[in-house]
Amino acid sequence: MTDFDDLRRAVRGTLRMPGDAGFAERTRPFNERFRDSLPNAVLTPVSVQDVSAAVTWAGRHGVPVVPRGGGHSYAGHSSSPGLVLDLTHLDRVDVDPRTGLVIVGGGTRMGVLSAALREHDLALPLGNSDDVGIGGLVLGGGVSVVSRAMGLTCDTLVSTDVVLADGRTVTCDDDDHADLFWACRGGGGGNFGVNTSFTFQAQATRPTSTCILLWEGRHAFDVLATMQEVMERAPDEFSARTGVSRAPGAEAVVSVVGQHLGPPEELRELLAPAVAIGPPTRLDIADTTFWDAAALLRHTTAGGAYAVRTRTTPTSIGADGLKTLVTAVDDWPGGTNPDGAGVALFAWGGAINQVPADATAFPHRDVRFLVAMDTSWGRTDPPESVRDNLAWLHHLHRDMGDHARDAAYVNFTDPDLTDWRTGYYGPNSDRLAEVKRRYDPRRVFSFAQAV
């Protein structure tokens with residue numbers, strides 16, 4: 001058994017072992033599917049020096065290291081066995097309103113960063129949950145509801161400070177450690193080091209309007225088909241998520257949730273074909289500020305256990321593919337988690353696709369839609385219910401292989417994805433492996449699906 005006493009003496013931060021006060025709070029996976037996957041210890045560093053000392057210690061003792069920002073890894077990777085570095089205290093945000101440069105601590109969460117940006121009316125393409133950590137978001141690419149207009153989170157990254165496997169800290173950008181900087185833009189969190197700081201280029205916010213539209217399930221096929229057509233013609237300033245979902249004991253609900261960097265009159269015109277399908281049970285098109293829009297569209301969830309699988313497509317999905325999605329929602333086996341199950345088409349394209357596929361590690365630069373399929377279950381659901389939910393999801397993922405590619409979004413991490421290297425990273429997989437060999441030859445940073 002590894003002796004952690006010398007690590008405890010080497011740092012100023014708090015080291016917690018299983019059973020210690022605060023251990024569960026700092027290691028609990030957001031996805032309760034992996035609630036039994038816990039580390040041997042968790043360190044909450046108070047400085048970059050603590051991070052360096054911990055990584056050096058881990059390398060010397062052969063203990064895998066996993067950095068943890070928000071703990072929202074869909075596959076529970078931020079609670080993997082070994083030593084978890086809880087970056088909670090590395091959450092300083094410095095905004096230069098003159099240049100728009102924003103320096104963000106590696107453990108900063110969306111709510112803290114958004115509040116700092118709002119104070120200066122500056123914008124970055126960020127996630128829609130206050131609790132998600134900036135590190136996981138940007139290192140996996142970072143797709144936001146405004147990414148069609150503003151690009152990925154990683155496209156706004158100017159530089160990042162990284163503690164390497166040998167304990168050194170380097171600053172990487174387009175000129176220094178350029179290969180590592182390339183890998184940190186889409187290569188996935190926790191693969192190449194501990195990112196203790198990020199510098200982003202923010203931009204001024206723009207006038208904004210939002211939409212939340214709901215229909216009864218009988219309109220599912222027509223709404224999905226029509227919204228694909230809408231997004232084919234839409235300006236980059238508009239993006240939407242079109243979904244079909246079911247909660248336990250309820251009928252299916254169809255939704256369009258989106259944001260437009262323009263006036264509501266333009267948004268109403270864009271959505272007119274969808275509204276014409278049938279009277280929505282909810283029709284909210286609002287004129288708002290950029291930051292009020294972020295609050296309105298903030299993601300809410302009941303939590304619990306869930307699984308998500310994704311595919312991508314460079315074109316709209318045809319009728320047979322849409323029927324597969326709609327039929328699957330109707331056939332969901334059910335569970336007790338209020339989040340239920342569903343499918344969604346996330347509109348990509350625009351500025352995302354204006355960057356060459358090999359310019360950053362994020363490879364999905366020709367995608368028009370991300371196809372997301374998810375299910376959930378409650379803690380008291382019997383094992384056969386969990387089995388049926390996962391089987392439903394796997395069958396749907398398999399069936400959609402006839403209509404979308406075997407390519408997946410690494411930030412919607414899928415522990416059941418077999419060829420994940422190609423799925424997440426496509427043509428960039430070999431180069432990422434070479435960066436890994438160069439910067440972490442002994443695989444100090446290791447977890448399931450680590451590069």
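What follows is calculated from the coordinates using simple rules that are stated; it is not laboratory data. In this text the structure is predicted, and so the values were computed from the model without any measurement. Cβ sites come from the backbone with ideal geometry, for glycine too, and all protein chains shown count toward neighbours.
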Highest to lowest packing among 186-199, 305-318, scored as the average C-beta count within 10 Å: 186-199, 305-318
Size of electric dipole in the chain: Cβ of Lys, Arg +1 and of Asp, Glu -1, about Cα centre, debye, nearest 20: 860
Among ALA319, PRO356, HIS219 - extreme Cα towards positive end, dipole of the chain, charges at beta-carbon: PRO356
Charge dipole (debye, nearest 20) of the stretch 128-238; +1 at Cβ of Lys and Arg, -1 at Cβ of Asp and Glu: 240
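If you count, for each residue, the other Cβ atoms within 10 Å and average over each peptide, how do 98-109, 383-394 line up from highest to lowest?
Put in order of decreasing packing, that is 98-109, 383-394.
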For a label point 7 Å along the Cα-to-beta-carbon line of ALA204, residues of the stretch 142-162 with backbone N under 19 Å: 149-151
Residue-count net charge about ASP130 - beta-carbon cut-off 14 Å; Lys, Arg +1, Asp, Glu -1: +1
Length-normalised contact order of the stretch 300-369 in % [C-alpha pairs under 8 Å, at least 6 apart]: 41
Distance histogram in 10 Å bins (all Cα pairs of the chain, percent per bin): 4, 21, 31, 27, 13, 3, 0
Computed over the stretch 93-204: relative contact order in percent, which uses C-alpha pairs under 8 Å that are six or more apart: 32
Ranked list, fewest to most other Cβ atoms within 10 Å of each Cβ, for PHE4, PHE447: PHE4, PHE447
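THR315 to HIS394: extension gain in nm, 0.36 nm per residue of separation minus the Cα-Cα distance?
Length gained between THR315 and HIS394: 26.2 nm.
Would you work out the relative contact order for the stretch 160-271, in percent, from Cα pairs under 8 angstrom that are 6 or more residues apart?
Here the relative contact order equals 26 percent.
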